[in-house]
1. Once fully extended, how much extra length lies between residue 2 and residue 61, figured as 0.36 nm per residue of separation less the alpha-carbon to alpha-carbon distance?
2. Using a 7 Å offset from the Cα along the Cα-to-Cβ direction at both residue 32 and residue 52, what is the distance between the two label points in nm, to one decimal?
3. Going by how many other beta carbons lie within 10 Å of each one, how would you line up 8, 3, fewest first?
Amino acid sequence: MSTEDLNTMIRRNMLLGMWAAKKLGLEGESADAYADDLARGTLDFERSDVLSKLRKDFKAAGIEQSDEDILQVMNELWLRAAGQTQTSRTDSTDAASIQLARNLLLK
């Protein structure tokens, strides 16, 4: 996986985490923590299956959300994250993204 793809996935999972947090009724720091956890999971092989995590969390909260709906949101957010990555791509941004990924892994 390229650095750009990894950055896009981290960004997508952060956006996805915020979307899911809203559905789960989380706000403020709780929503941020949920999104951070989902983004950190990108870097952890054992936690990288975000669809399964979302499915489990929604089920535990009694929220009806089909896999198709979740996958559609994941795809839409991937495109948004990829667009953000491409429009802001510079060498310093790339270095900052790598540092962000490292920081997320260390949390």
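1. Working: separation 59, 0.36 × 59 = 21.24 nm, distance 3.51 nm.
The span from residue 2 to residue 61 would gain 17.7 nm if fully extended.
2. Label-label distance for residue 32 and residue 52, simple model: 3.0 nm.
3. Working: 8 24, 3 13.
With the sparsest Cβ surroundings first, the list reads 3, 8.
Values quoted throughout were computed directly from the atomic coordinates according to the rules given, and no laboratory measurement underlies them. Worth saying up front: this structure is predicted, and the values here are computed from it rather than measured. Virtual Cβ from ideal backbone geometry, glycine too; neighbours counted across all protein chains shown.
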